[in-house]
């Protein structure tokens, strides 16, 4: 709501017309409400992801309406056309550019719906919601906006003596326009300077990309966290519960903590010496300490008091995947045949992780120290007594582990009846030694006569991965640490241990998804570039003009990375999504400039003059759409409470990248347009592109037809047909 109001205020500041502001603002609720119908048709719901998409699209759906409205407004004020005729002519003039921008925007977001993995489950609803809203905004800008403009906007008075500066929203805008014209003219005279500067900016993306932290999720204050505690092996459930309750009492005393809840043996294995302490904090606006601060105090103040017990602990945000204590940022698995080798790797791996800055709560899945009885069959003596190894093992299994004897049914439910030795005989070595084992010669013999029993310790569990024994290394990260850097370093150090070919190492869980989401986003970026290029090539009937437009996209990446670095954020799934949104928005400016320049050149204007005139005419709609889009992001950037970290992660990238790259793209795109226009005159290039002309013609026909039909939509059957203007009004 606030973003919509801010976007409308931008229109009012530039046009200084309340009616025009209302016309542009109506496009926002019209597009968003219509989007609900499409969302319902494909089974989408209103959730965090779709609401985030709707919040982001506020500044986009008004863009098309602003471009059409501003051009109608310019026709009325500068070309003295009546509102009805201006609505038709102005919409027709920008119809191709608006269609191209909208179609290419859909080409950016629609591939997100087909991403795989965990990220793909989120991006599907995001991509569909964005695409639906943008498609509806095109329909609104070609129908509702021109219709309202033809009825509500006032025509220019014949005796008006307003200056050109007043027609462009006052002296401030006139000064800005003159400064931009002066800068652009000099840039066209020294094109190599702009080209070199653009290359320098482009290459800075490499060091900036190395410098920024790369994580899977942004740091988020969810007003809740959990502490997972594993007591020494052999502890009973009541003893573990008593310890956990004592620790939870101390956690409740920390500032900002509302209440705690303790659960013991809540993992799939029902481990009796494992406890989870869930802590819920008061709302973010009612406390002065952050969640990260409280978690750090638990880790540095409370847990060290119990270090003499040899506890294994981890403290961090509540995982949205994998249950309690699961889906950690560092999750690395080494598998192989020899458990002793895996134990050595686990110790060395933990030592490697503990040396890395920003890594905490280092743990290994191979936990030793569990009390056990080692029973070895004396084969020679067993053979003399007529006892086979299978009989001895079977007797132990039946008496200790238990054996299904029958079933019991009650109220439609069936229960297994398992028979085994009483607890007193299972826990005592002397009693266990007296268990009777079947003999082929003596009938039965005591177990102690055929086996040797020794007390010892061993691993609590032996995990398997793809059918092989494995050890899993996990850890949490402190805020500000780079997950990608730590994972890369860990993998490199493990491979330096010199393990044989029988052992394999791989990332799992969140660490594996970190790599998959990077590949998925690169695929989405690639598909978006291909689709945008094809759409623009069909619209402009050129293979080179789309390249000029798409050059604006990589120029924004360094500024987006600079924003991440300046705000101490990370490159995560949300900020990468923000870069994708930035790609879709930035190229709209280049389309408006190049489309209008082509129209002026077709009318007989020289190339450089057409470039300057087109850039000047499109400066106001570019500024309006850019500032309106940024204004729509401001509520996300300054939001607080649960989910604010997610909002800031995506909005800061868009705001920073869009704002910082605006001046460069406003100058660089016209310069590249002139450079590629010179390149197009080279005969060699024409021969290379000749085989592709048939494909271009086919693509052009379909998109041109859509654009012309949509641009002609405002014409009513009962209205008189306008007379085509000549000269300047063309």
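When you look at residue 267, is it out of contact with any helix residue (DSSP H, G or I) (no Cβ under 6 Å at 6 or more places or on another chain) and part of a helix (DSSP H, G or I), yes or no? Against the criterion (out of contact with any helix residue (DSSP H, G or I) (no Cβ under 6 Å at 6 or more places or on another chain) and part of a helix (DSSP H, G or I)), residue 267 does not qualify. Being touching a residue at least 60 places away in the same chain (Cβ under 8 Å) and over 30 Å from residue 286 (Cα atoms) is the filter here; which residues of region 220-238 pass it? 230, 231, 232, 233, 234 - these are the residues of region 220-238 that are touching a residue at least 60 places away in the same chain (Cβ under 8 Å) and over 30 Å from residue 286 (Cα atoms). For region 251-264, a residue qualifies if it is part of a strand (DSSP E or B) and farther than 18 Å from residue 236 by Cβ, and the qualifying residues are 257, 258, 259, 260, 261. Here 438, 467 are screened, and the one residue that is free of Cβ contacts under 8 Å to residues at least 60 places away in the same chain and in the same structural domain as residue 397 (by TED's automatic domain parsing) is 438. A single member of 565, 553, 582, 577 is under 24 Å from residue 637 (Cα atoms), in the same structural domain as residue 651 (by TED's automatic domain parsing), in a helix (DSSP H, G or I) and at pLDDT 85 or above, and it is 565.
To keep it simple, each residue is scored yes or no on (1) assigned to a helix (DSSP H, G or I); (2) over 27 Å from residue 215 (Cα atoms); (3) modelled with pLDDT under 80.
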| position | (1), (2), (3) |
| --- | --- |
| 534 | yes, yes, no |
| 546 | yes, yes, no |
| 557 | yes, no, no |
| 592 | yes, yes, no |
| 604 | no, yes, no |
| 608 | yes, yes, no |
| 621 | yes, yes, no |
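Annotation: residue 277 fulfils all but one of (1) assigned to a helix (DSSP H, G or I); (2) modelled with pLDDT of 90 or more; (3) crowded, with 20+ Cβ neighbours inside 10 Å; the unmet one is (1).
Results for (1) surrounded by fewer than 20 Cβ atoms within 10 Å (Cβ to Cβ); (2) at pLDDT 90 or above; (3) more than 26 Å from residue 510 (Cβ to Cβ), shown as yes or no for each residue.
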| site | (1), (2), (3) |
| --- | --- |
| 215 | no, no, no |
| 219 | no, no, no |
| 227 | no, yes, no |
| 252 | yes, yes, yes |
| 255 | yes, yes, yes |
| 264 | no, yes, no |
| 270 | yes, no, no |
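Tell me yes or no: at least one residue of region 276-290 is in contact with a strand residue (DSSP E or B) (Cβ under 9 Å, 6 or more places away or on another chain) and under 30 Å from residue 457 (Cα atoms). Yes, region 276-290 has at least one match. The criterion of being in contact (Cβ under 8 Å) with a residue 40 or more places away in the chain, in a helix (DSSP H, G or I) and touching a helix residue (DSSP H, G or I) at 6+ places or on another chain (Cβ under 6 Å) does not hold for residue 473.
The residue that is nearest to residue 153 (Cα to Cα), among those in region 77-92 that are at pLDDT below 85 and assigned to a helix (DSSP H, G or I), is 77. Here residue 99 meets the list (1) more than 25 Å from the chain's Cα centre (by Cα); (2) more than 18 Å from residue 145 (Cα to Cα); (3) surrounded by 23 or more Cβ atoms within 10 Å (Cβ to Cβ) almost entirely, failing just condition (2). Step by step: first the residues of region 229-250, then only those that are touching a helix residue (DSSP H, G or I) at 6+ places or on another chain (Cβ under 7 Å) and part of a loop (DSSP other than H, G, I, E, B), then the one that is surrounded by the fewest Cβ atoms within 10 Å (Cβ to Cβ). Which residue is that? Among those that are touching a helix residue (DSSP H, G or I) at 6+ places or on another chain (Cβ under 7 Å) and part of a loop (DSSP other than H, G, I, E, B), it is 232.
When only residues in region 442-463 that are part of a loop (DSSP other than H, G, I, E, B) and touching a helix residue (DSSP H, G or I) at 6+ places or on another chain (Cβ under 9 Å) count, which is nearest to residue 370 (Cα to Cα)? Per the criteria, the residue is 459.
Of all residue pairs spaced 6 or more apart or on separate chains, none has beta-carbon atoms under 9 Å together with a first member in region 110-135 that is outside the structural domain of residue 66 (by TED's automatic domain parsing) and a second member that is surrounded by 23 or more Cβ atoms within 10 Å (Cβ to Cβ).
Matching residues to (1) under 29 Å from the mean Cα position of the chain (by Cα); (2) more than 13 Å from residue 471 (Cβ to Cβ); (3) part of a helix (DSSP H, G or I); (4) modelled with pLDDT of 90 or more:
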{"residue": "324", "(1), (2), (3), (4)": "yes, yes, no, no"}
{"residue": "327", "(1), (2), (3), (4)": "yes, yes, no, no"}
{"residue": "351", "(1), (2), (3), (4)": "no, yes, yes, yes"}
{"residue": "363", "(1), (2), (3), (4)": "yes, no, no, no"}
{"residue": "368", "(1), (2), (3), (4)": "no, no, no, no"}
{"residue": "373", "(1), (2), (3), (4)": "no, yes, no, no"}
{"residue": "376", "(1), (2), (3), (4)": "no, yes, no, no"}
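Selection over region 529-562 of residues that are within 27 Å of residue 118 (Cβ to Cβ), surrounded by fewer than 23 Cβ atoms within 10 Å (Cβ to Cβ) and either touching a strand residue (DSSP E or B) at 6+ places or on another chain (Cβ under 7 Å) or touching a residue at least 60 places away in the same chain (Cβ under 8 Å) (or both) gives a count of 2. Checking 46, 54 one by one, the residue that is surrounded by fewer than 24 Cβ atoms within 10 Å (Cβ to Cβ), at pLDDT 80 or above and assigned to a loop (DSSP other than H, G, I, E, B) is 46 and no other.
Of the residues making up region 460-516, those that are out of contact with any strand residue (DSSP E or B) (no Cβ under 8 Å at 6 or more places or on another chain) and under 15 Å from residue 358 (Cβ atoms) number 3. Residues that are over 11 Å from residue 66 (Cα atoms), assigned to a helix (DSSP H, G or I) and in contact (Cβ under 8 Å) with a residue 12 or more places away in the chain within region 6-21 comprise 6, 9, 13, 19, listed in sequence order. Tell me, yes or no, whether region 136-152 has at least one residue that is under 29 Å from the mean Cα position of the chain (by Cα), assigned to a helix (DSSP H, G or I) and at pLDDT below 80. No, region 136-152 contains no residue that is under 29 Å from the mean Cα position of the chain (by Cα), assigned to a helix (DSSP H, G or I) and at pLDDT below 80. From the list 65, 86, the one residue that fits, being surrounded by 21 or more Cβ atoms within 10 Å (Cβ to Cβ), closer than 28 Å to residue 540 by Cβ and more than 36 Å from the chain's Cα centre (by Cα), is 86. Would region 61-71 turn up any residue that is in contact (Cβ under 8 Å) with a residue 40 or more places away in the chain and out of contact with any helix residue (DSSP H, G or I) (no Cβ under 6 Å at 6 or more places or on another chain)? Looking for residues that are in contact (Cβ under 8 Å) with a residue 40 or more places away in the chain and out of contact with any helix residue (DSSP H, G or I) (no Cβ under 6 Å at 6 or more places or on another chain), one finds none in region 61-71, hence no.
The values are calculated or read from the model by the stated rules, or taken from the named source; none is laboratory data. Because the structure is a prediction, the values reported are computed rather than measured. Cβ sites come from the backbone with ideal geometry, for glycine too, and all protein chains shown count toward neighbours.
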